[in-house]
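Working notes for the structure below.
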Amino acid sequence: MSILYFLIALGATILGSMAGLGGGVIIKPVLDFLGNYDLSTIGMLSSVTVFSMAIVSIIKQIRYKFELEIKKTSLIGIGSIFGGLLGEKLLKLILKIFDANLITITQNTILAIHLILVFIYMNNKNKFKSYKVENSFACIIIGLFLGLIASFLSIGGGPLNVCVLTIFFSMAPKEAAVNSIITILFSQASKLVTVGLSTDFLCFDLSMLPFMVCGGILGGIIGSKFNKLFSNSTILKVFNIVVFALILLNIYNIVSAFV
């Protein structure tokens with residue numbers, strides 16, 4: 001069992017760090033599919049694994065001297081911190097009101113829809129207008145939105161981050177991937193701090209977490225190296241393959257939840 005969870009984390013975070021997918025967008029539906037843990041525990045396993053991957057990935061990108069627009073990236077990150085807090089509070093509130101199975105269906109449905117929209121956009125970018133947002137307040141609001149969605153869906157952000165960063169900031173796939181990881185770091189950090197202060201993590205079964213964190217750290221190292229080595233076109237191809245596979249997996253999870 002531990003080897004399986006290590007490999008899930010490793011594969012997810014290699015792809016996540018390489019293409020800006022974050023890893024959580026892969027981990028969350030895969031753990032839903034396995035069905036070994038409840039919704040809250042799955043969210044926590046995903047968040048901590050993705051957070052560890054993001055730290056390592058960003059350190060590696062700094063060592064590679066990847067150029068970023070520091071001010072813009074910082075503002076998006078600040079927004080994602082508050083978004084992560086809001087998303088976690090929203091999820092806790094909904095868990096108190098509705099059945100966990102219904103929430104799982106809702107999360108997978110929202111995730112499937114947004115993956116389909118992202119897939120369509122990323123393969124037809126020339127048909128859509130892109131922007132070069134410079135306004136500081138707008139950057140914070142965009143980060144807030146990304147952090148909220150990422151935290152509520154327990155996915156880290158990933159494909160939606162890349163898509164939004166491409167649309168509003170005209171970023172190339174590699175630049176969007178790195179900025180996506182930074183946004184994920186901030187949003188997941190705020191979520192984990194909130195959960196830690198309110199529960200001390202005692203209500204979760206985290207027996208698989210050490211194996212997943214090890215996979216996340218190794219995946220962050222390998223994925224960031226791949227991001228540096230491969231071209232924008234290769235990064236986009238990997239992005240497309242993974243997103244398409246995730247759409248199918250989320251649809252399966254939705255259908256199986258009704259059975």
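What single numbered condition from (1) modelled with pLDDT under 85; (2) open to solvent by 50 Å² or more (accessible area, probe 1.4 Å); (3) outside any helix (DSSP H, G or I) fails to hold for PHE119?
Condition not satisfied by PHE119: (3).
Run down THR13, THR73, THR49, THR41 and say which single residue is of a type outside the set (D, E, K, R), touching an Asp or Glu at 6+ places or on another chain (Cβ under 6 Å) and touching a residue at least 60 places away in the same chain (Cβ under 8 Å).
Details: THR13 fails: touching an Asp or Glu at 6+ places or on another chain (Cβ under 6 Å); THR73 fails: touching an Asp or Glu at 6+ places or on another chain (Cβ under 6 Å); THR49 fails: touching an Asp or Glu at 6+ places or on another chain (Cβ under 6 Å).
Going through THR13, THR73, THR49, THR41 in turn, the sole match is THR41.
Please verify whether LEU165 is surrounded by 15 or more Cβ atoms within 10 Å (Cβ to Cβ) and in contact with a His (Cβ under 9 Å, 6 or more places away or on another chain), treating the condition exactly as stated. Break it down stepwise before answering.
On the way: surrounded by 15 or more Cβ atoms within 10 Å (Cβ to Cβ): yes; in contact with a His (Cβ under 9 Å, 6 or more places away or on another chain): no.
Criteria not met by LEU165.
Mind listing whichever residues of region 163-185 are among the hydrophobic types (A, V, I, L, M, F, W, C), modelled with pLDDT of 80 or more and part of a helix (DSSP H, G or I)?
At the first step, the residues of region 163-185 found to be among the hydrophobic types (A, V, I, L, M, F, W, C) are 163-165, 167-169, 171-172, 176-178, 181-182, 184-185.
Narrowing the set further to residues that are modelled with pLDDT of 80 or more leaves 163-165, 167-169, 171, 182, 185.
Within region 163-185, CYS163, VAL164, LEU165, ILE167, PHE168, PHE169, ILE182, LEU185 meet the criteria.
Being open to solvent by 10 Å² or more (accessible area, probe 1.4 Å) and either out of contact with any Leu (no Cβ under 7 Å at 6 or more places or on another chain) or at pLDDT 85 or above (or both): is that true of LEU45 here? Walk me through how you get there before you give the answer.
Numbers: open to solvent by 10 Å² or more (accessible area, probe 1.4 Å): no; either out of contact with any Leu (no Cβ under 7 Å at 6 or more places or on another chain) or at pLDDT 85 or above (or both): yes.
So LEU45 does not fit the description; no.
Residues ILE241, ILE222, ILE251: which one is closer than 17 Å to HIS114 by Cβ and modelled with pLDDT of 85 or more? It would help to see each step written out before you state the result.
Numbers: ILE241 fails: closer than 17 Å to HIS114 by Cβ; ILE222 fails: closer than 17 Å to HIS114 by Cβ.
Criteria check complete, one pass: ILE251.
Taking the condition touching a helix residue (DSSP H, G or I) at 6+ places or on another chain (Cβ under 8 Å), open to solvent by 50 Å² or more (accessible area, probe 1.4 Å) and in a helix (DSSP H, G or I), does LEU85 pass?
Values: touching a helix residue (DSSP H, G or I) at 6+ places or on another chain (Cβ under 8 Å): yes; open to solvent by 50 Å² or more (accessible area, probe 1.4 Å): yes; in a helix (DSSP H, G or I): yes.
Yes; evaluated as a whole, the condition is true for this residue.
Can you go through GLY16, GLY43 and tell me which one is under 20 Å from GLY147 (Cβ atoms) and in contact with a Ser or Thr (Cβ under 7 Å, 6 or more places away or on another chain)? Don't jump to the end; show me each part of the working.
Values: GLY16 fails: in contact with a Ser or Thr (Cβ under 7 Å, 6 or more places away or on another chain).
Matching residue, one of GLY16, GLY43: GLY43.
If I filter region 201-212 for residues that are under 13 Å from the mean Cα position of the chain (by Cα) and open to solvent by less than 10 Å² (accessible area, probe 1.4 Å), do I get at least one hit? Spell out the reasoning first.
So the first thing to find is which residues in region 201-212 are under 13 Å from the mean Cα position of the chain (by Cα), and the list is none.
No, that holds for no residue.
The values are calculated or read from the model by the stated rules, or taken from the named source; none is laboratory data. Computed from a predicted structure; not experimentally measured. FYI the Cβ positions are ideal-geometry reconstructions off the backbone, even for glycines, and counts take in every protein chain you see. Note: accessible area is taken over every heavy atom of the protein model, side chains too, but ligands, DNA and RNA are not part of it. Shrake-Rupley method; radii C 1.70, N 1.55, O 1.52, S 1.80 Å.
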